[in-house]
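**Q** Here's a structure for you.
The values are calculated or read from the model by the stated rules, or taken from the named source; none is laboratory data. Bear in mind that the values here come from a model prediction, so they are computed numbers and not experimental data. Methodologically, a virtual Cβ is constructed for each residue, glycine included, from the backbone with ideal geometry; neighbour enumeration extends over all protein chains shown. Note: areas computed on protein heavy atoms with side chains; ligands, DNA, RNA excluded. Shrake-Rupley method; radii C 1.70, N 1.55, O 1.52, S 1.80 Å.
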Amino acid sequence: MTVRKMWIAGAATAAAGLSFVLLLVVGVYVIAGNMLNGVGGAGKALAKGAVPAAYQALVQKWGNLCPALNPALLAAQLYQESGFDPNAKSPAKAEGIAQFIPGTWATHGIDGDGDGDRDVWDPNDAIPSAASYDCTLAGYVKDVPGDPKRNMLAAYNAGAYAVIKYGGVPPYKETQNYVKTITTLEDSFAAPVTRVDPSRQAAGAIHFAQQKLGTPYLWGGNGTADQGGRFDCSGLTKAAYESVGITLPRVANDQYNAGPHPRREELLPGDLVFFSDDLTDSRAIRHVGIYVGGGYMIDAPRTGAVIRFDPIDTPDYFGATRVTEDGAKALPTRI
């Protein structure tokens, strides 16, 4: 939410940039219409840095434990459960990165790292245990009609008996939301195998951001009247997408999970672009802007600067997210 150090100076440059953005606002839909449709299957590869580096190998390995599971799905489940916090503890006494309750851990916890103990607070045990438990549940409900992945997740939330009883995801609002949330988030943890659909709201988000060009930066700024209409980086992107009906989380590293991740050469206007000093961990992201094309973004860079155009091709460029309405809705608000 800070630390962008380059500025495109001069009124002529700003005017040219503004005209460029206006063309993009019109043209983004033309580009969208000519793109390949949809995203392929979730795939087995994780998106760049989507899982903290300390857990990347674990999630990749154990996410392939059974056919109903994949690494992106396991990552989405861990993110939804704890935000990758190994010390997380819920009011219901669920513990650790995978949020096992003590009774379930006693039965299904495994010694994932082979050190002779089963520690719910150790991700080296808890992540393999989560995958093992998922696959055990998948086995329990393998004869139930419907999508094995969805049935597995429903069994994780409501128990295998309920899935068997109802012949699929049971009619419990909590369970249905749990299944929808994780299967939606799965796309934001998977490396795309084809081009990803452009956002219909992208042009509106750009239009909002361009109206704020020249506004002074304010750390923690949300653009409210008492803040003089000022923003920080993620406050700007949140407000831009809120203006078109999509609610993003407040901080940049959570905004990264609001949709799938186009490659650098696939960027379209409206994509969020992210920056970090640790290119292996999306949880370390510290800056975000809105891509406008031509290698530039609109961003709120730092204290003492104003909202402006900045280049994205810097050593700290982390990656991008194509925001989707479903992806944004799926993000846990507590993380």
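**Q** Could you tell me which residue of region 264-290 is farthest from the chain's Cα centre (by Cα), considering only residues that are assigned to a helix (DSSP H, G or I) and not polar (S, T, N, Q)?
**A** Looking only at region 264-290, we keep the residues that are assigned to a helix (DSSP H, G or I), and these are 264-266, 282-284.
Remaining after also requiring not polar (S, T, N, Q): 264-266, 283-284.
Details: 264: 17, 265: 20, 266: 18, 283: 10, 284: 13 Å.
By that ranking, first place goes to 265.
**Q** From the list 143, 147, 197, exactly one residue is closer than 22 Å to residue 282 by Cβ and surrounded by fewer than 23 Cβ atoms within 10 Å (Cβ to Cβ). Which is it?
**A** Values: 143 fails: closer than 22 Å to residue 282 by Cβ; 147 fails: closer than 22 Å to residue 282 by Cβ.
On inspection, the qualifying residue turns out to be 197.
**Q** Continuing with this model, one more query. Only one of 259, 214, 235 is in a loop (DSSP other than H, G, I, E, B), more than 21 Å from residue 50 (Cα to Cα), touching a residue at least 60 places away in the same chain (Cβ under 8 Å) and of a type outside the set (A, V, I, L, M, F, W, C); which? Outline the logic, then answer.
**A** On the way: 259 fails: more than 21 Å from residue 50 (Cα to Cα); 235 fails: in a loop (DSSP other than H, G, I, E, B).
The match here is 214.
**Q** Same structure again: Only one of (1) farther than 19 Å from residue 79 by Cα; (2) part of a helix (DSSP H, G or I) fails for residue 131. Which number is that?
**A** Of everything listed in (1) farther than 19 Å from residue 79 by Cα; (2) part of a helix (DSSP H, G or I), residue 131 misses just condition (1).
**Q** Ok, one more. Every residue in region 111-128 that is open to solvent by 50 Å² or more (accessible area, probe 1.4 Å) and assigned to a loop (DSSP other than H, G, I, E, B), please. Give the steps one after another, and end with the answer.
**A** As a first pass, look at region 111-128 and keep what is open to solvent by 50 Å² or more (accessible area, probe 1.4 Å): 111, 113-119, 121, 124.
Scanning region 111-128 gives 111, 113, 114, 115, 116, 117, 118, 119, 121.
**Q** Here are some conditions: (1) at pLDDT 95 or above; (2) on the phi > 0 side of the Ramachandran plot. Residue 293 meets all but one. Which one does it not meet?
**A** Failed condition: (1).
**Q** Could you check, for region 162-175, whether at least one of its residues is part of a helix (DSSP H, G or I), at pLDDT below 95 and buried (at least 21 other Cβ atoms within 10 Å of the Cβ)?
**A** no
**Q** Before we move on, is residue 179 under 20 Å from the mean Cα position of the chain (by Cα) and over 20 Å from residue 134 (Cβ atoms)?
**A** Values: under 20 Å from the mean Cα position of the chain (by Cα): yes; over 20 Å from residue 134 (Cβ atoms): no.
No; evaluated as a whole, the condition is false for this residue.
**Q** Could you run through region 217-232 and say how many residues are outside any loop (DSSP other than H, G, I, E, B) and not hydrophobic (A, V, I, L, M, F, W, C)? Outline the logic, then answer.
**A** Of region 217-232, the ones outside any loop (DSSP other than H, G, I, E, B) are 217, 222, 225-227, 231.
Remaining after also requiring not hydrophobic (A, V, I, L, M, F, W, C): 217, 222, 226-227.
Total satisfying the criteria: 4.
**Q** So which residues in region 287-335 are in contact with a Pro (Cβ under 8 Å, 6 or more places away or on another chain), open to solvent by 10 Å² or more (accessible area, probe 1.4 Å) and hydroxyl-bearing (Ser, Thr, Tyr), if there are any at all?
**A** 291, 296, 324, 333 - these are the residues of region 287-335 that are in contact with a Pro (Cβ under 8 Å, 6 or more places away or on another chain), open to solvent by 10 Å² or more (accessible area, probe 1.4 Å) and hydroxyl-bearing (Ser, Thr, Tyr).
**Q** For region 110-127, which positions are without any contact (Cβ under 8 Å) to a residue 24 or more places away in the chain and either under 28 Å from the mean Cα position of the chain (by Cα) or closer than 17 Å to residue 78 by Cβ (or both)?
**A** Passing the criteria: 110, 113, 119, 125.
**Q** Let me ask something additional. With the structure loaded, tell me whether residue 240 is among the small types (Gly, Ala, Ser), in a strand (DSSP E or B) and at pLDDT 95 or above or whether it fails that test.
**A** Details: among the small types (Gly, Ala, Ser): yes; in a strand (DSSP E or B): no; at pLDDT 95 or above: yes.
In short, no.
**Q** Here's another thing I want to ask about it. Count, please, the residues in region 218-242 that happen to be open to solvent by 10 Å² or more (accessible area, probe 1.4 Å) and either in contact with a Leu (Cβ under 8 Å, 6 or more places away or on another chain) or among the aromatic types (Phe, Trp, Tyr) (or both).
**A** Filtering region 218-242 for residues open to solvent by 10 Å² or more (accessible area, probe 1.4 Å) gives 218-220, 222-230, 238-239, 242.
Next, from what is left, pick out any that are either in contact with a Leu (Cβ under 8 Å, 6 or more places away or on another chain) or among the aromatic types (Phe, Trp, Tyr) (or both): 219, 223, 227-228, 230, 238, 242.
Within region 218-242, residues that are open to solvent by 10 Å² or more (accessible area, probe 1.4 Å) and either in contact with a Leu (Cβ under 8 Å, 6 or more places away or on another chain) or among the aromatic types (Phe, Trp, Tyr) (or both) number 7.
**Q** Filter region 86-109 for residues that are open to solvent by 50 Å² or more (accessible area, probe 1.4 Å) and among the hydrophobic types (A, V, I, L, M, F, W, C) and give the result.
**A** 92, 101, 106
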